[in-house]
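Everything below concerns the one structure shown next.
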Amino acid sequence: MILYTAKKGVYYNLEDFRSDLSDLKENGFTNKIYINMTNRCSCSCTFCLRGLKDFDEHNSLWLKEEPTVEEVKKAFGKYDWSGVKEIVFCGFGEPTMRLEDICEVATWLKEQHPEIPIRLNTNGLSDLVFEKPTAHYFDGIIDTVSISLNSSSAEKYLEITRNRYGLASYDAMLSFAKDCQNYIPNVVMTVVDVIGQEEVEACRKVCEKHGLALRIRPYEAN
């Protein structure tokens, strides 16, 4: 499933909607379209839906193979998306594992409909994956980046994300977030509400220290 939308934690294949997408709003959706381009991820988070959520085959986010850039463009070509409120790179994997490809798609989307905001949901570890700064890739094409903060310390972060880069990953993620502020209008850090109020407040202090905005999002496992 390359393009999908969501409501109350349930994912819906865009192919189930009319080509003009007018029934999105009619059925209570927020007119946000999500792009799924990879299953690959640099983390194996303890709360990840990949291991906790059951999907039927029609609405599964698991890709049998990664779509090419041209296949993504072709998928968009099936719909009139002039009424879409936001386009989001977010899938079963980490979008930035295909850094250059998502930038190519985002550039094309901006050329087609410059008025539609584009958001990137990421774990913020692309600098480590590619062993170089990556925030500048999004200059002029990404309007909002949402980065998973997950926890208030490097130790907790590694325990939760189980990423391949060790304790240094936490500071690398924060460094990426601050670098994004130079290129992206809206930079938001997120945590899920199930971590508890004490940890939420600790994360808030981390964001305040680094001049970053924090959003608490509901956790939906089922």
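Residues in the stretch 132-139 carry Karplus couplings, in order, of 6, x, 10, 4, 5, 4, 9, 4 Hz; the curve used is 6.51 cos²θ - 1.76 cosθ + 1.60 with θ = phi - 60°, and Gly or Pro positions show x. Assuming a ≥ b ≥ c are the square roots of the Cα gyration tensor eigenvalues, decide whether the stretch 164-222 counts as rounded (a/c under 1.5), prolate (otherwise, with a/b larger than b/c) or oblate. It is prolate, given that a/c is not under 1.5 and a/b is the larger ratio. If you take the square roots of the eigenvalues of the alpha-carbon gyration tensor of the stretch 66-108 and sort them as a ≥ b ≥ c, do you get rounded (a/c under 1.5), prolate (a/b over b/c) or oblate? Because a/c hits 1.5 or more and a/b exceeds b/c, the stretch 66-108 counts as prolate. The overall shape of the stretch 100-222, judged from the alpha-carbon gyration tensor, is prolate: a/c is not under 1.5, and a/b is greater than b/c. Extending 7 Å from the Cα toward the beta-carbon at both His136 and Trp108 defines two label points whose distance is 2.6 nm.
Partnerless cysteines in the chain, where a partner means another cysteine C-beta under 4.7 angstrom, comprise Cys41, Cys43, Cys90, Cys103, Cys180, Cys203, Cys207.
Once the gyration tensor of the Cα atoms in the stretch 1-120 is diagonalised, the equivalent ellipsoid follows with semi-axes of 22, 18, 12 Å, ordered largest first. In this structure, the amide hydrogen of Ala213, modeled 1.01 Å from its nitrogen in the peptide plane, lies closer than 5 angstrom to those of Met189, counting only residues at least 5 positions away or on a different chain. Annotation: extensible slack from Cys48 through Lys25 equals 5.5 nm (criterion: 0.36 nm per residue apart, minus Cα-Cα distance). Look at the dipole of the chain built from charges on Cβ: of Phe47, Gly140, Met1, the Cα furthest out on the positive end belongs to Phe47. When +1 charges are put on Lys and Arg Cβ atoms and -1 charges on Asp and Glu Cβ atoms, the dipole computed for the stretch 124-191 relative to its Cα centre reaches about 160 debye. Hey, of (1) 17.0, 47; (2) 19.9, 75; (3) 17.2, 56, which did the structure itself give for Rg and Dmax of the Cα atoms in Å when calculated? Step by step, Rg and Dmax of the Cα atoms in Å for this structure corresponds to label (1). Ligands, DNA and RNA left out, the accessible area of the chain computed with a 1.4 Å probe is 48% carbon and sulfur.
Okay, which of the stretch 107-130 sit inside 14 Å, backbone N to the point 7 Å along the Cα-Cβ direction of Thr68? Once the point is set 7 Å along Cα→Cβ of Thr68, nothing inside the stretch 107-130 turns out to lie under 14 Å by backbone N.
Charged neighbours of Val129, selected by a Cβ distance under 11 Å, balance to +1 (K, R count +1; D, E count -1).
Close amide-amide hydrogen proximity is noted between Gly124 and Ser148, each under 5 Å apart and 5 or more residues distant or on a separate chain (H modeled in the peptide plane; Pro and chain starts excluded). Applying the Karplus relation 6.51 cos²θ - 1.76 cosθ + 1.60 with θ = phi - 60° to the stretch 188-195 yields 3J(HN,Hα) values of 10, 9, 10, 9, 8, 5, 6, 6 Hz, where x marks Gly and Pro. Dividing the helix sum by the residues of the chain, where each DSSP H run of 4 or more adds -39500 (n - 2.57), gives a mean residue ellipticity at 222 nm of -9000 deg cm²/dmol.
Multiplying the residue separation of Arg217 and Leu99 by 0.36 nm and removing their Cα-Cα distance gives an extension gain of 40.0 nm.
The values are calculated or read from the model by the stated rules, or taken from the named source; none is laboratory data. Predicted model only: the values in this text are computed from it and were never measured. Note that each Cβ is placed from the backbone with ideal geometry, even for glycine, and that neighbours are counted across all protein chains shown. Calculation scope for accessible area: heavy atoms of the full protein, side chains included, ligands and nucleic acids excluded. Shrake-Rupley method; radii C 1.70, N 1.55, O 1.52, S 1.80 Å.
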